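First comes the structure, then the notes that go with it.
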Amino acid sequence: MNDNPLEIPGYRVHGRLGKGGMAEVYLATQESLGRQVAVKVLDRLDDDAFTDRFIREARMLASLHHPSIVTIHAIDRLPDGRHYLAMEYLSGGDLGRHKGQALEPLEALRIVRQIAGALAVVHGKGLVHRDIKPANILFRDDGTAVLTDFGIAKDLELDSELTQFNVAVGSPAYSSPEQAQCQALDARSDIYSLGVILLELLTGENPYRGASYAETVLNHVQMEPPRLRRGLGDYQHLIDRMLAKDPDERFADCRVLLDSLNALCDLDLDFTRIAPAAPLERPAPPRAGRRYAGLLWGLAGLALLVVSSAGGYYVVLRMKVADLLALGEQRLAEGKLVEPTGDNADFYFHEALRLDDDNAKAGDGLQRVLAARIANALVLAEQRLGEDRLVQPEQDSAVFYYQQVLAWAPDNEQAMAGLERVAQRFVDLSEEAYSRREFALALEYIDAGLQVAPANPTLLELRAVHEQRVRKAKGARVAAGRPAKAPAKSQEQSNPIKRFWNRLFN
C-alpha cells in the first residue's frame, strides 16, 4: 500500500489498494461506523459527462441487492471536487489466486452458482456486465464469491472508439465469440464468460488463451468446447451449453443456468449422502477365499461403472427437464399457450412431465397455462356477447367460449353466469320479435335460448305460453276491426332458420 494516503473527510485512509486507468482504490475505515471500506476515487475533474456516468452507474449498482453483488455504502465528493465511491471491502482476494489450479468440482460449482445468481439480478435489470473474469470475482472472509467492477470508472468513450474501429473490449481470454467480433451483446455473453471460468476451475487451464490477442480472439470464435478429462464427464453437458458458439444454443438466461447448476450440486450431495462409510477392519480371509478376491473386485468395478453411468444420465435428464421448464415459462410469458404446435408452453411442460412425472414445477406450469387459457376464453366470450354473436359462428361465438371454459373448469362461475346472460339475451330478442308481431322468429329465439340454458325459467315460460300469446295477439287485431295481415308469400316460403340468423346478425 501507498505510505502517503489520500485524505477523505469521514474516513481514516490506510493506503492505496490499487490504481486503474481512471480511478484509484484505497482501503479506509469509515469513522462513523468503524467499518473497513474500499474507496474508489475518480482521477478526472474535467469531464462532466464521465462524472455523470460514474454517479449514475454507482446508483444503479447500489440498487442491485444480492449476496454475491458488492455492496455500495456511499457516493460523495472530495474537497477538490473529485467524486468517490465507498463500497464493501472484500478481504478474501480474487478468483485469480486459483489460476493454474483445478478445484474440486463441487467447489467450482459453488463459486459459479453464486456468480450466476448475481448475474440473474444484473440481467433482470436489463444490464450486461461485459467483463466477467477472475479478477472481478472477489471473496468475503466467509468464502462467499462476490461480483464486482460493473463498468464504474471505466473510460466508455474509449470503449466506443474501439468498438467503432472493430476492436473488441473486455478481457479477451474470457470474451464471448460475439464480444470478440464486436457484435451486440446480451445476457448470454456473460454466461459464456462464466463458462470459461468454470472450465478453468474444473481443469486448471483456459484453452482459449493464445500467445497473442488475435490468436485468443480466433480461438473463441472457432474452437469448440473442449472435452473434459475422465472423471468430469458429468459436467460436459454444462460446459457445452455455456460455451456454445451460437448464443441461441446456450442457456436462455441465468435462471435456466441456475436450475442446471442446482441439479448438479444436488446430485453431488446425493452421492455424498449415500457414500459407504469406512469399512471396519476385518481379519484376513482364509486362503480358500482369496481365490475369489479378483472376481469380487471385478464385480465391484462393474457396479461402480453402472452407478457412474446412471449418475451421468441423471444429470443430463435433470438438465433437459430444466431446459424444458425454462422454455415453458418463456412461452407462457409470450402468450404462446398451445400454439404453435411443438413450440408452446403446454407442450414443454408436458414434455417435462414425460421425463419426470412427479415434477412439481411442470405441474404448476400446466395449471397456469390452463388458467391463462380460461382467462383468454372468457375475454373472447364477453366480446362476442357484446357483438350479439351468441351461437354463430360455431367456433367463435359467446356460447362456444363459455362452454369451452366449462369443459376445462366445470364449476367456473363466470362461464355459468355468461351462459345465463346469453339466455337472457334470447329472452330480450324474443320479446322484441313479439312486439313486431314476428311470432315465428320469436319462437326461434326461445328455442335457441333453451338449447343454451334448458332450465331457464323465463324461456320455459315463454315457450309454454307462445301459442296462447299468438292467438291473443291475432284476436286483438280482429276485435279492433283490423283483420290479421296475411303473411307475404315470400315470407311463407322462406326458411325460418335462415330468417332467424339474418335477424341476429344483420
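Descriptive notes on the structure:
- Exactly one residue among 31, 7 is farther than 30 Å from residue 112 by Cβ, modelled with pLDDT of 90 or more and not assigned by TED's automatic domain parsing to the domain that holds residue 112, and that residue is 31.
- Looking only at segment 205-237, residues that are within 30 Å of residue 318 (Cβ to Cβ) and surrounded by 14 or more Cβ atoms within 10 Å (Cβ to Cβ) come to 14 in all.
- Some residue of segment 158-168 being at pLDDT 90 or above and in a loop (DSSP other than H, G, I, E, B): no
- Restricting 69, 115 to those that are within 18 Å of residue 141 (Cα to Cα), modelled with pLDDT of 90 or more and not assigned by TED's automatic domain parsing to the domain that holds residue 17 reduces the list to 115.
- Tally, over segment 102-121, of residues that are farther than 25 Å from residue 229 by Cβ and buried (at least 22 other Cβ atoms within 10 Å of the Cβ): 2
- Residues of segment 108-121 classified as without any contact (Cβ under 8 Å) to a residue 60 or more places away in the chain and farther than 10 Å from residue 146 by Cα, total: 1
- Residues located in segment 230-259, provided they are of a type in the set (Lys, Arg) and part of a helix (DSSP H, G or I): 241, 255
- Segment 239-274: number of residues that are over 18 Å from the mean Cα position of the chain (by Cα), aliphatic (A, V, I, L, M) and at pLDDT 90 or above: 3
- Of all residues making up segment 180-214, the number that are assigned to a helix (DSSP H, G or I) and modelled with pLDDT under 90: 3
- Among the residues of segment 34-52, the one identified as at pLDDT below 80 and basic (Lys, Arg) is 44.
The values are calculated or read from the model by the stated rules, or taken from the named source; none is laboratory data. Quick caveat: nothing in here was measured; it's all calculated off a predicted structure. Note that each Cβ is placed from the backbone with ideal geometry, even for glycine, and that neighbours are counted across all protein chains shown.
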